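Asker: Below is the structure I would like to discuss, written out as structure tokens.
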Amino acid sequence: MRIRDIVITGEPVLHRRAKPVVHIDDHLRELVEDMFGTMELAPGVGLAAPQIGVDLALFVYDWVDDDDIQHRGVAINPTLLLDPLPIGELDDEDELEGCLSVPGERFPLRRSDRAILTATNLDGNEYTIDATGWLARIFQHEYDHLLGILYTDRLVEPHASDCREAISRDGWGVPGYSWLPGRDHLEG
Ligand code: NI
């Protein structure tokens, strides 16, 4: 297992639709192992292949809920079905989201309460997870990565402006920036 560099917003691979995975082979299994290791060290609860510069439609996730149940898996060529977005005031604490490709920043964002993920696992079998709450949020965030969408692209004002300022202050939003979990100390 090798810890991979995580690319930062502005890197083109983050901003385009990822290519479908065609072969589940040793190369892909190694990639997934690296993604789990990198996500764990970052640390994060989800990581999409484009975030380590790999233009493929898969993500990994690993999150323990309030009942101590671990949700961990690989989603290859996923699709996602969403409930409509809840209406009402955005909660600046409970709906705070972050991304390892926009390290150190967090902004509130409305997400669907329920997301039905269908994807292929490393054995080549299709599975479906009917997720609610934070797991549904993780799936929406990671699935977006495969469409070339960062959560920062979905922010509403005033957070959208705050985010643009933060990214420009950090000097990001252009190609060529990355960080290495375990070496660089950035919070994501
Ligand atoms: Ni992210």
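Asker: Considering only DSSP beta bridges where both residues belong to the chain, give the percentage that are antiparallel (nearest 5). Intermediate results must be reported in sequence, preceding the final value.
Answerer: Working: 27 of 29 bridges.
Bridges in the chain that DSSP calls antiparallel: roughly 95 percent.
Asker: Sticking with this structure for a sec: Over the Cα atoms of segment 6-179, compute the convex hull volume and normalise it per residue, giving Å³. The partial results should precede the final answer.
Answerer: Numbers: hull volume 19.7 nm³, N = 174.
Spelled out: Cα convex hull of segment 6-179, divided by residues, is 113 Å³.
Asker: Quantify how much of the Cα-Cα distance distribution of segment 98-188 extends past 15 Å, in percent. Write down the numbers at each step before the final one.
Answerer: Working: 2759 of 4095 pairs.
That fraction is 67 percent.
Asker: Using the Cα atoms of segment 17-111 to build a convex hull, what is its mean projected area in square nanometres?
Answerer: Orientation-averaged projected area of the Cα hull: 7.7 nm².
Only the coordinates and a few stated rules stand behind these numbers; no lab work does. These numbers come from a predicted model, not from an experiment.
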